[in-house]
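The values are calculated or read from the model by the stated rules, or taken from the named source; none is laboratory data. Keep in mind that this is a model prediction, so the values were computed, not measured. Quick reminder, even Gly has a Cβ in these numbers, built from the backbone with ideal geometry, and neighbours come from all protein chains shown. Calculation scope for accessible area: heavy atoms of the full protein, side chains included, ligands and nucleic acids excluded. Shrake-Rupley method; radii C 1.70, N 1.55, O 1.52, S 1.80 Å.
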Amino acid sequence: MNSTQLHRRDVMKAGALLAASAWGPVAIAKSTRDHSARIRDLIGRMTLPEKIGQMNQIAGGRQKALNSRLDEGMMNRVRRGEMGSFLHVAGAEPLRKLQKVAVEESRLGIPLLFAMDVIHGYRTILPVPLALAASWDPAMMEQAAALAAEEARAAGLHWTFTPMVDVARDARWGRVVEGAGEDAYLGSRMAEAQVRGIEGGDPSAPGRMLSCTKHFVGYGAVAGGRDYDSADLTDRALHEVYLPPFHAAIRAGTGSFMTAFNDVAGVPMTAHEDLVRGQLRGRWGYQGLIVSDWNAIRELMNHGVVATPAEAAALALRAGVDMDMASGTYIEHLAAAVAADATLLPLVDEAVGRILAVKARLGLFDDPYGFGDARRAAAPLARTKAREMATRSIVLLRNEGAVLPLKPGTKVALIGALADDASSAIGSWRARGRPEDAVTLRTALPQASYDPGTDPAAAARIAGAADVVLLAIGEDFDLSGEARSRSDITLPGKQQALVDAIRATGKPIVAILMNGRPLALEKALAGIPAVLETWFLGIESGPAIAEILTGKTSPAGRLPMGMPRVTGQLPMTYAHVPSGRPANPDLAIDSARYRDVDVGPLFPFGHGLSYSRFDYGALAIEQRGDAAVVSVAVTNAGERSAEEVVQLYVRDPVASVARPVRELRGFHRLSLRAGEQRTLRFTLTHAQLALWKAGKWVIEPGVFEVMVGSSSADIRARGRFAIAEGGEGTAPAAAIATVVSVS
Ligand code: NOJ
């Protein structure tokens, strides 16, 4: 028995049900240990209805009317111990009162867990997650999550349903806005950054709360990008692409998971015993809390895998789902299921143990009122941080003829309704954010003549009188997010006509894209010399975009997801396998491509330009034990300070199965003054090159290629190294972080 197993057994014995992982102990908050005896004692004294009550999470309000259901009827249910948790509630005072009822008036006095979707800010709304991922700066992502947690905690919340770590390669899926894009490695870094920001290793500590890593698993792979649809995944894709960020989140200490709505190859994730209880709990050793998604336990009947709600409850519990979000199936039907099948009872006890362990870990048994802080809740918005994060999330996609930055004194016209849409600036999930807090681009550029573009002819007149036209186009906030899949991701509404009218003026145009997903804009952007991707950047949208336009800051964001030319290219990824007839620009050659559109994306994964230029030296590769250390010198060859995202990709050119043409395995956002040079060292372990085969991470001996560059399609230096002896990895290859040092 190794030390990890020993540790895990001890923890289980102690009743602290929240603790070990296959790679070593996850930090256990002190309070959990202290309360393990209490948890055992409580479980011993609880009636079956009280146990099932703990497993019940109910909405205390609607998303737009928080706390609206906390009436006397609801209070009586709390008194009877019928709930373990509320979602869609907030507010230091109301939650304090609600908690008081649970603690003082229910038989066992067990505190409630208060949850909400705090996705990219609570009061201070920051860039949407896809935009934050475009910073390629996990430290910034961590700060963003920490700020959101701090504000949410002050409002009395214990638990946020963040991060969403679903890898997604089909931008038709509306929920790409909530994730970190198409790549498992970038997604893993962003997943762990968010968990660290929210929990900081101890969710009971000041400013912290409990994270919930979602949606386990395969939700980003739904057929055709249709939300809630089926995901028909191969075992290899599941392990190499979709599972790694979840693994990374566990390692970072995430305290809870949410199962996904979708099925994977016919088995709904809410009932997927092999992936939830088998993979997550068993093979990965995860002992935290698992909650279903909204109403998903009842919806098992719609999937057609059970006939009755009691069967649905039993199936979800067997799969490993501890808490029922919103469907009421556990509270109404689990007792009947247990009466019919006594083998469910130990599973109920385990689930309750995990729920109580989370409450203990949050410190709620020590101080059930420790989370609300009315004074902190009244603090001003964190505008400086919000602006910095927004600026760092912007991606310069095209800049022909150096249209940007704008020269001082340029007469600009600002066209497009999105440029003045404060509601879209704050994105789809907005917690307690308010549109009136958002500074739009129009407000940030008072010197520009503005036209919303509703009448293209009028807009063209305004444009015609300017030197440069800033054209804000994209989609509004309500077109991306949950249940917002679209079959055609070109410009919605009449925007194409507006683009055509402005283009006809012959003025230089800067397209300012505002959207929650990569759009298919080959046609819309034809002939437009400058393009900025600005997503939905939060309350400081306008000032952040203005900083980039005027050149106060050089852009350095990178696409976390490639942009297709046309919708029909989806799903799409830079990390595709090569095929026997790789895509060829020459139509006379039969190859893996569409005949009616050019090969490849309009803008590739990792793409983003700067106002400066960077030179890359040759790669030096040094073998050190089971690692290859890849060094490269990068120089700022331009005239101004700027940042560059240096990206490292690998390829296994000959393996027992076809391998992706390239896969990200390291990156670093580097800041350099004009003329400055730095050397980056990436330490790549052999386990990061493993492939998933027959249930194992296999490291095949042979030659591997390394590519370093400025995007997945702009490789500046290449090298190779060999692995002499094969072996086996223990963790998903993409979940393992590459150590990068800079000298
Ligand atoms: C459904 C969504 O899929 C999930 O992401 C969210 O956390 C819950 N609703 C709660 O609002």
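A single member of THR329, THR343, THR391, THR384 is closer than 21 Å to GLY60 by Cβ and modelled with pLDDT of 95 or more, and it is THR329. Residues of the stretch 117-126 include at least one that is in contact with a strand residue (DSSP E or B) (Cβ under 6 Å, 6 or more places away or on another chain), in contact (Cβ under 8 Å) with a residue 24 or more places away in the chain and within 16 Å of the ligand (Cβ to nearest atom). Checking each residue in the stretch 190-212 for being surrounded by fewer than 24 Cβ atoms within 10 Å (Cβ to Cβ) and not in a loop (DSSP other than H, G, I, E, B) picks out only ARG196.
If I filter the stretch 138-169 down to residues being in a loop (DSSP other than H, G, I, E, B), hydrophobic (A, V, I, L, M, F, W, C) and within 14 Å of the ligand (Cβ to nearest atom), which single residue comes out as surrounded by the most Cβ atoms within 10 Å (Cβ to Cβ)? Out of the qualifying residues, it is VAL165.
Working carefully through the options GLU299, GLU311, find the one that is more than 14 Å from the ligand (Cβ to nearest atom) and either over 29 Å from MET141 (Cβ atoms) or of a type in the set (Lys, Arg) (or both). Reasoning before the result, please.
Working: GLU299 fails: more than 14 Å from the ligand (Cβ to nearest atom).
Only one candidate qualifies: GLU311.
Within the stretch 355-371, residues that are at positive phi have Cβ atoms under 6 Å from residues that are open to solvent by 10 Å² or more (accessible area, probe 1.4 Å) in these pairs: GLY363/SER31; GLY363/SER204; GLY363/GLY370, counting only partners at least 6 apart in sequence or on another chain.
Residue under question is ARG226, and the condition is that it be open to solvent by 20 Å² or more (accessible area, probe 1.4 Å), among the basic types (Lys, Arg) and over 26 Å from GLY181 (Cα atoms); does it hold? Spell out how you get there, then give the answer.
Working: open to solvent by 20 Å² or more (accessible area, probe 1.4 Å): yes; among the basic types (Lys, Arg): yes; over 26 Å from GLY181 (Cα atoms): no.
In short, no.
Applying the set (1) open to solvent by less than 50 Å² (accessible area, probe 1.4 Å); (2) more than 28 Å from HIS247 (Cα to Cα) to ARG718 leaves exactly one unmet item: (1). So which residues in the stretch 197-236 are more than 16 Å from the ligand (Cβ to nearest atom), within 17 Å of the chain's Cα centre (by Cα) and either free of Cβ contacts under 8 Å to residues at least 12 places away in the same chain or under 18 Å from GLN287 (Cα atoms) (or both), if there are any at all? Across the stretch 197-236, the qualifying residue is only GLU199. A search for C-beta distances below 6 Å between a residue of the stretch 666-691 that is not assigned by TED's automatic domain parsing to the domain that holds LEU186 and in a strand (DSSP E or B) and any residue that is open to solvent by 50 Å² or more (accessible area, probe 1.4 Å) and hydrophobic (A, V, I, L, M, F, W, C), counting only pairs 6+ apart in sequence or on different chains, returns ARG678/VAL742; LEU680/VAL742; THR683/VAL739.
Is it the case that the stretch 525-542 has a residue that's over 30 Å from VAL118 (Cα atoms), touching a Ser or Thr at 6+ places or on another chain (Cβ under 6 Å) and assigned to a loop (DSSP other than H, G, I, E, B)? Within the stretch 525-542 (the criterion being over 30 Å from VAL118 (Cα atoms), touching a Ser or Thr at 6+ places or on another chain (Cβ under 6 Å) and assigned to a loop (DSSP other than H, G, I, E, B)), the answer is no, since none of the residues qualifies. For the stretch 706-730, give me each residue that is over 29 Å from ASP615 (Cβ atoms) and out of contact with any helix residue (DSSP H, G or I) (no Cβ under 6 Å at 6 or more places or on another chain). Result: ALA724, GLU725, GLY726, GLY727, GLU728, THR730.
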